[in-house]
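Enquirer: Can you keep this structure in mind? I'll have questions shortly.
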6 protein chains.
Amino acid sequence: MYTVGIRDHLMIAHSFRGEGFGPAQRLHGATYVVDVELKRPELDADGVVVDIGGAAATLRDVLTELNYRNLDEEPSFAGRNTTTEFLAKAVFDRVAERIGKGELGEGARGLTEMRVVLHESHVAWAAYEGELAPGTDAR
Amino acid sequence: MYTVGIRDHLMIAHSFRGEGFGPAQRLHGATYVVDVELKRPELDADGVVVDIGGAAATLRDVLTELNYRNLDEEPSFAGRNTTTEFLAKAVFDRVAERIGKGELGEGARGLTEMRVVLHESHVAWAAYEGELAPGTDAR
Amino acid sequence: MYTVGIRDHLMIAHSFRGEGFGPAQRLHGATYVVDVELKRPELDADGVVVDIGGAAATLRDVLTELNYRNLDEEPSFAGRNTTTEFLAKAVFDRVAERIGKGELGEGARGLTEMRVVLHESHVAWAAYEGELAPGTDAR
Amino acid sequence: MYTVGIRDHLMIAHSFRGEGFGPAQRLHGATYVVDVELKRPELDADGVVVDIGGAAATLRDVLTELNYRNLDEEPSFAGRNTTTEFLAKAVFDRVAERIGKGELGEGARGLTEMRVVLHESHVAWAAYEGELAPGTDAR
Amino acid sequence: MYTVGIRDHLMIAHSFRGEGFGPAQRLHGATYVVDVELKRPELDADGVVVDIGGAAATLRDVLTELNYRNLDEEPSFAGRNTTTEFLAKAVFDRVAERIGKGELGEGARGLTEMRVVLHESHVAWAAYEGELAPGTDAR
Amino acid sequence: MYTVGIRDHLMIAHSFRGEGFGPAQRLHGATYVVDVELKRPELDADGVVVDIGGAAATLRDVLTELNYRNLDEEPSFAGRNTTTEFLAKAVFDRVAERIGKGELGEGARGLTEMRVVLHESHVAWAAYEGELAPGTDAR
């Protein structure tokens with residue numbers, strides 16, 4: 001299995017609901033250093049997993065939708081705690097949707113798995129990984 | 001699959017038995033930067049894999065049992081080479097036991113896998129990963 | 001010149017005033033990975049620059065005053081942009097004040113310089129460095 | 001499952017064929033920081049996954065064959081784009097071949113999987129992972 | 001003294017002349033992870049050392065002039081070994097020239113020092129640091 | 001001012017005397033990731049600060065003298081606490097002595113400063129920096 005990985009980042013404000021979160025129930029924020037790994041069993045004719053420049057641009061676009069925002073006010077996250085693990089899934093879903101729409105080209109149809117890691121500090125991180133659905137209209 | 005990861009560290013002395021270890025047969029030591037990843041297929045009602053503060057406290061307690069010690073004198077390791085890979089398993093077992101006893105709460109019953117990585121330098125590391133047994137009394 | 005360095009982190013929300021900040025004028029947030037370096041020309045009788053455990057506790061206390069907060073609402077920062085460089089100075093001043101009050105013990109009187117670095121992502125950071133005033137009442 | 005990991009590096013020149021590569025079609029170069037992870041389900045009698053010193057020497061030998069070269073002129077890569085993912089597989093194959101020949105000793109016969117990661121910068125990397133064939137003549 | 005730092009990277013091919021370089025006399029290449037630190041004694045009215053977005057764009061432009069090239073064919077480097085330390089100075093000079101021309105705005109006139117670090121691998125790096133000349137036409 | 005930096009590591013056992021050290025009074029150990037930076041105001045005729053391969057070999061030799069040892073039993077450290085800052089100075093002195101003896105060649109006579117950093121974990125480090133004495137017999 002081949003993997004290509006890229007790194008970017010995101011800076012947001014939010015707060016959590018639930019006593020278990022302690023002081024993180026207050027409005028605070030985070031930088032998430034975001035790693036996206038895309039996997040497939042064989043390389044394409046150019047010898048790549050995916051166009052890495054295109055993948056980086058797609059990730060940048062997904063992060064721009066969230067960047068420099070207070071996630072407590074994002075309608076798509078209403079009623080949810082935007083924990084690091086929740087956001088890893090949100091980034092996964094948004095990148096997968098764009099791949100499914102063909103934004104990374106036909107070659108990206110061969111991608112079978114993705115892993116998204118969000119590093120919230122030098123001592124804590126969270127991830128979501130799953131399969132990418134193949135098909136004519138992809139995921 | 002969701003993952004939450006935390007990092008801490010451990011400083012110990014030890015020596016190895018076996019000619020293949022060369023100068024590491026002498027009493028020496030190591031800092032292990034310890035990464036623990038906990039995994040589960042779904043988030044809990046709070047939107048988390050596990051209470052990350054609780055997981056960090058559990059890891060700290062496990063490492064405190066070993067920290068600032070000469071592992072050659074630890075009865076539980078008698079007759080064993082406390083290699084990095086061996087210690088990764090020892091940390092895995094001790095964290096798993098505490099999860100099984102409910103130290104991380106009922107929510108932690110949903111955890112299905114754990115991976116423990118010990119970085120012994122900037123150029124070498126070892127890991128142990130395995131499943132966490134579910135059940136009323138967990139592992 | 002000897003240096004001892006320690007790392008901790010801080011998670012806050014804030015916004016900036018000034019068109020040059022672009023989307024960072026919106027309420028957002030950051031994780032700052034905070035490095036503090038303490039310097040002195042000679043070691044003390046124990047062979048240390050300063051009690052590193054004490055220094056880590058002092059840094060933790062300073063960061064706890066700011067952690068998990070919306071800095072736009074902090075009275076001590078009213079009317080100021082809490083940029084990374086501004087916050088590096090704020091951490092410097094607060095650690096220096098505690099050293100001056102003797103929180104790190106008499107031995108810390110020998111400290112002559114401090115450098116504080118705040119890493120806001122994998123590609124950006126800011127720092128403040130300066131002298132620590134010696135004297136019977138330190139700084 | 002146990003893992004041992006080691007890190008080394010490689011500095012090469014090359015160029016890519018294909019319009020999608022943009023300016024990387026020109027002759028340029030890269031440092032690859034190379035991580036090799038070797039895995040097996042049980043430790044050997046010494047308590048190790050593999051002799052880490054031996055593994056490091058094997059990796060060094062494999063990288064020396066490629067290091068400080070223009071890969072466009074390497075006969076074994078003729079007609080191929082030596083992308084990061086392609087090179088991850090090339091390193092995998094060469095290390096696996098040496099393990100198969102017994103270069104890491106009989107103990108290395110127990111290795112079941114390998115993962116090779118090449119970091120090409122602080123924001124991009126690629127990997128190849130696969131099984132290692134057991135047997136009297138190994139792979 | 002305040003510092004702001006930014007990180008980007010550069011991928012080039014080159015070769016060295018001189019027996020001391022051993023195999024690096026062959027055409028090979030490198031990724032340089034480039035850190036630029038800009039310093040000044042006081043913050044400006046916005047509370048910043050310099051517009052970090054502008055500084056990142058300037059660094060990107062400087063690196064684009066060199067990126068994905070064979071430095072052996074760059075007229076401006078003719079007859080010189082483009083070692084890591086030499087290139088650190090080249091990046092320093094090019095960023096300083098742009099600051100002097102006002103590319104980072106009037107606020108950047110207050111910058112007094114710069115440090116450029118090029119990381120060529122996980123175990124080697126080089127740097128150049130020096131003063132930035134103040135004045136109406138800056139450096 | 002130009003800098004060249006190299007990284008290596010060291011694994012030792014030791015204990016500390018003094019109640020302030022708490023549990024570190026017990027025999028324990030550490031991995032030190034060692035960074036050495038060598039500085040000079042001008043490059044030599046080859047365009048380098050110093051032969052980086054030679055510097056790495058010298059550092060390796062210095063670290064080999066200490067590696068895989070119990071520093072409590074080293075005669076040269078008798079009666080001293082081998083703290084991280086103390087060891088940074090010890091590495092500084094030993095590398096400086098070798099430079100002074102000409103081990104890095106005549107070109108190394110131009111070196112004017114050195115900084116040695118020992119990272120003891122992901123959250124703590126210490127350093128020693130100072131001038132290198134020029135002259136026919138160097139330091």
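The values are calculated or read from the model by the stated rules, or taken from the named source; none is laboratory data. Predicted model only: the values in this text are computed from it and were never measured. Cβ sites come from the backbone with ideal geometry, for glycine too, and all protein chains shown count toward neighbours. Note: accessible area is taken over every heavy atom of the protein model, side chains too, but ligands, DNA and RNA are not part of it. Shrake-Rupley method; radii C 1.70, N 1.55, O 1.52, S 1.80 Å.
Enquirer: Please report the buried accessible area for the interface of D with E, total over both chains, probe 1.4 Å, in Å² to the nearest 100. Intermediate values should be presented prior to the final figure.
Expert: Details: alone 7750 and 7750 Å², together 13590 Å².
In total, this chain pair buries about 1900 Å².
Enquirer: Angle check, please: helix E:84-100 long axis (alpha carbons) against the longest principal axis of chain E (alpha carbons), in degrees 0 to 90, nearest 10.
Expert: 30
Enquirer: Using Cα springs under 10 Å in a Gaussian network model of chain D, which residue among D:G100, D:G53, D:G110 shows the largest mean-square fluctuation?
Expert: Among D:G100, D:G53, D:G110, the largest mean-square fluctuation in the Gaussian network model of chain D belongs to D:G53.
Enquirer: Which GluC sites (Glu not before Pro) in segment B:1-47 sit in a loop by DSSP (not H, G, I, E or B) and have at most 16 other Cβ atoms within 10 Å of their own Cβ? Spell out each step's value before the answer.
Expert: Details: sites: B:E19, B:E37, B:E42; in loops: B:E42.
Within segment B:1-47, the qualifying GluC sites (Glu not before Pro) (loop, at most 16 other Cβ atoms within 10 Å) are B:E42.
Enquirer: Output wanted: per-residue J couplings in Hz (rounded whole) for segment C:123-128, from phi through Karplus 6.51 cos²θ - 1.76 cosθ + 1.60, θ = phi - 60°, x for Gly and Pro.
Expert: With the stated coefficients, segment C:123-128 comes to 10, 8, 7, 8, 8, 9 Hz.
Enquirer: Further question: Given H placed on each backbone N at 1.01 Å, which residues far from F:L132 in sequence or on other chains put an amide H within less than 5 Å of it?
Expert: Correct list: F:E113, F:M114.
Enquirer: Moving on. Mind checking the per residue accessible area of the protein assembly as shown for me, 1.4 Å probe, whole number of Å²? All intermediate terms of the calculation are to be shown ahead of the outcome.
Expert: Working: 32690 Å² over 834 residues.
On a per-residue basis, 39 Å².
Enquirer: Now for a different question. Rounding to the nearest 20 debye, state how big the charge dipole of segment A:70-134 is about its Cα centre with +1 on each Lys and Arg Cβ and -1 on each Asp and Glu Cβ. Let's see the in-between values first.
Expert: Numbers: 7 positive and 12 negative charges, 30 e Å.
Once rounded to the nearest 20, the dipole reads 140 debye.
Enquirer: Select the chain C residue whose beta carbon lies nearest to the rotation axis carrying chain C onto chain B, and write the distance in whole Å.
Expert: C:R7, 6
Enquirer: Heavy-atom accessible area of D:Y128 with all protein chains present, probe 1.4 Å, nearest 10 Å²?
Expert: 40
Enquirer: Something else now. May I ask you to rank D:M1, A:M114 by accessible area, largest first, using a 1.4 Å probe over the protein chains only?
Expert: Details: D:M1 60, A:M114 5 Å².
Sorted descending by solvent-accessible area, the residues read D:M1, A:M114.
Enquirer: Taking 30 Å² as the minimum loss, tell me which residues in segment C:113-135 lose that much accessible area going from the chain by itself to the full protein complex (1.4 Å probe).
Expert: C:R115, C:E120, C:S121, C:H122, C:V123, C:W125, C:A127, C:Y128, C:E129
Enquirer: Once chain F is represented by equal point scatterers at the alpha-carbon sites, with solvent omitted, what log10 I(q)/I(0) does the Debye formula produce at q = 0.12, 0.13, 0.17 Å⁻¹?
Expert: Each listed q maps to, in turn, -0.49, -0.57, -0.89.
Enquirer: If you don't mind, there's one more thing I want to ask. With θ taken as phi - 60° and the coefficients 6.51, -1.76 and 1.60, list the Karplus ³J(HN,Hα) couplings across segment F:32-38 in order, rounded to whole Hz; mark glycine and proline as x.
Expert: 10, 7, 9, 9, 10, 10, 10
Enquirer: Checking the a/c ratio against 1.5 first, then a/b against b/c, what shape does the Cα gyration tensor give for the protein assembly as shown?
Expert: Values: a/c = 1.05, a/b = 1.05, b/c = 1.00.
Note, shape of the protein assembly as shown comes out rounded.
Enquirer: Hey, could you get me the Stokes-Einstein D for segment A:66-111, Kirkwood radius over alpha-carbon pairs, 37 °C and 0.692 mPa s, rounded to whole µm² s⁻¹? Don't skip to the end; give the middle numbers.
Expert: Details: Rh = 12.1 Å.
So the translational diffusion coefficient is about 271 µm²/s.
Enquirer: How high is the relative contact order of segment F:29-139, in percent, counting Cα pairs under 8 Å that sit 6 or more residues apart? List each step's numbers first, then the result.
Expert: On the way: 152 pairs, mean separation 40.0, N = 111.
Contact order relative to length: 36 percent.
Enquirer: Now for a different question. Note down the accessible area of C:S121, probe 1.4 Å, to the nearest 10 Å².
Expert: 20
Enquirer: Right, here's the next one. Take every residue in peptide E:65-71, count the Cβ atoms of other chains within 10 Å of its Cβ, and give the average of those counts.
Expert: Numbers: counts 0, 1, 4, 11, 5, 7, 2.
For this peptide, the per-residue mean of nearby foreign Cβ atoms is 4.
Enquirer: Could you check the spin-label model distance between B:A56 and E:E73? Points 7 Å from the Cα along Cα→Cβ, value in nm.
Expert: 5.2
Enquirer: Now a separate question. With +1 assigned to the C-beta of every Lys and Arg and -1 to the C-beta of every Asp and Glu, and no other charges, what is the dipole magnitude of the protein assembly as shown about the Cα centre in debye, to the nearest 20? Write out the running numbers ahead of the final one.
Expert: Working: 90 positive and 138 negative charges, 1 e Å.
For this selection, approximately 0 debye.
Enquirer: Hey, for C:G18 with labels 7 Å out along Cα-Cβ, what do the inter-copy distances come to in nm, ordered shortest first?
Expert: Nearest to farthest, the other copies are at 3.8, 4.3, 4.3, 4.4, 5.9 nm.
Enquirer: So, one more: What's the center-to-center distance, using Cα atoms, between segment A:71-95 and segment F:57-108 in Å?
Expert: 52
Enquirer: To continue, here is another question. Using Cα springs under 10 Å in a Gaussian network model of chain D, which residue among D:V50, D:V117, D:V33 shows the largest mean-square fluctuation?
Expert: The residue that fluctuates most here is D:V33.
Enquirer: Tell me the carbon and sulfur percent of the accessible area for chain A, rounded to whole percent, probe radius 1.4 Å.
Expert: Working: 2590 of 5450 Å².
Roughly 48 percent, rounded to a whole number.
Enquirer: My understanding is that a pair violates if its Cα-Cα distance is over 32 Å; which of C:K89/F:K89; A:K89/C:K89; E:K101/F:K89 do that in this structure?
Expert: A:K89/C:K89; E:K101/F:K89
Enquirer: Per the helix-only calculation at 222 nm, which mean residue ellipticity applies to the protein assembly as shown, given -39500 (n - 2.57) for every DSSP H run of n ≥ 4 and division by its residues, nearest 500 deg cm²/dmol? Walk me through the numbers before you get to the answer.
Expert: Values: 12 runs with 192 residues, N = 834.
For the protein assembly as shown, the value works out to -7500 deg cm²/dmol.
Enquirer: How many partner chain Cβ atoms sit within 10 Å of a residue's Cβ in peptide A:49-57, on average, as a whole number?
Expert: Mean inter-chain Cβ contacts per residue within 10 Å come to 4.
Enquirer: Using only Cα atoms and rounding to the nearest 10 degrees, what angle (0 to 90) does helix B:52-66 make with the longest principal axis of chain B?
Expert: 30
Enquirer: From the label point of D:G105, set 7 Å from Cα along Cα→Cβ, how far away are the matching label points in the other copies, in nm, ordered shortest to longest?
Expert: Nearest first, the other copies' label points are 3.8, 4.5, 4.7, 4.7, 6.2 nm away.
Enquirer: Please report, in debye to the nearest 20, how large the charge dipole of chain B is about its Cα centre when each Lys and Arg carries +1 at its beta carbon and each Asp and Glu carries -1 there. Let's see the in-between values first.
Expert: Values: 15 positive and 23 negative charges, 66 e Å.
Computed about the Cα centre, the dipole is about 320 debye.
Enquirer: Can you list the residues of segment F:75-91 that have at least 40 square angstrom less accessible area with all protein chains present than in their chain by itself, probe 1.4 Å?
Expert: F:E85
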